[in-house]
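Contents: one structure, followed by commentary.
The values are calculated or read from the model by the stated rules, or taken from the named source; none is laboratory data. Because the structure is predicted, anything quoted here is derived from the model rather than measured. So basically every Cβ, Gly included, is an ideal-geometry build from the backbone, and we count neighbours across all protein chains shown.
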Amino acid sequence: MEHLWAPWRNLYVKHPQESRGDVFAEIARSTDDEANYVLIRGKGCFAVLNIYPYNTGHLMVVPYRATGAMEDLSDDELLEIMTMLKQMKAAVTAAFAPHGFNVGINLGPAAGAGIAEHLHVHLVPRWRGDANFMTTTAETRVHPSDLASVYAMIRKQL
């Protein structure tokens, strides 16, 4: 077995980053959907592009109500989140034809939640061979499209 040593990660383990506030609540209150990359709004949740995407079309479905715990969400809220996720998957598929998707929720900072106090569901399109040396050696992701173009392409499908 090979080992990859990454002592720089201790910075995150020993000194977790301070919260940046609830950016999702700010986006939820805003009416400038295009500036915030809000793709669609529902009664209890909205879909927004991730401004730090893993891949082109990486988005999140976010409940309006801020909570970091799934059990705090009502059945209606959970159903709407999943229904919107399904709708967004169809729109991203039509816009970009990915080969697959990762869908995930990071619950708590230890699980990787960057905004732990406001649960959100990630939808990450994937293509065969989409990871390359830039990600592993330069800690850099290469995206073939800018956020504004991605936003327009997904919105067109909605």
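Quick notes
- Long-range neighbours under 6 Å by Cβ, at least six apart or interchain, first residue within 18 Å of L85 (Cα to Cα) within segment 139-158, second at pLDDT below 95 and not charged (D, E, K, R): V150/T56
- Set A90, A66: member being in contact (Cβ under 8 Å) with a residue 60 or more places away in the chain and surrounded by fewer than 18 Cβ atoms within 10 Å (Cβ to Cβ): A90
- Among all positions in segment 117-127, there is at least one residue which is surrounded by 16 or more Cβ atoms within 10 Å (Cβ to Cβ), farther than 18 Å from A25 by Cβ, in contact with a His (Cβ under 6 Å, 6 or more places away or on another chain) and among the aliphatic types (A, V, I, L, M).
- Of the residues making up segment 61-87, just one is within 15 Å of K43 (Cα to Cα) and basic (K, R), namely R65.
- Qualifying residue in segment 98-116 (condition: of a type in the set (A, V, I, L, M, F, W, C) and part of a helix (DSSP H, G or I)): yes
- Taken together, the residues in segment 57-87 that are of a type outside the set (S, T, Y) and out of contact with any helix residue (DSSP H, G or I) (no Cβ under 8 Å at 6 or more places or on another chain) amount to 17.
- Single match in H143, H122 (criterion: at pLDDT 90 or above and within 17 Å of I51 (Cβ to Cβ)): H122
- Test for A111: is it at pLDDT below 95 and within 15 Å of the chain's Cα centre (by Cα): yes
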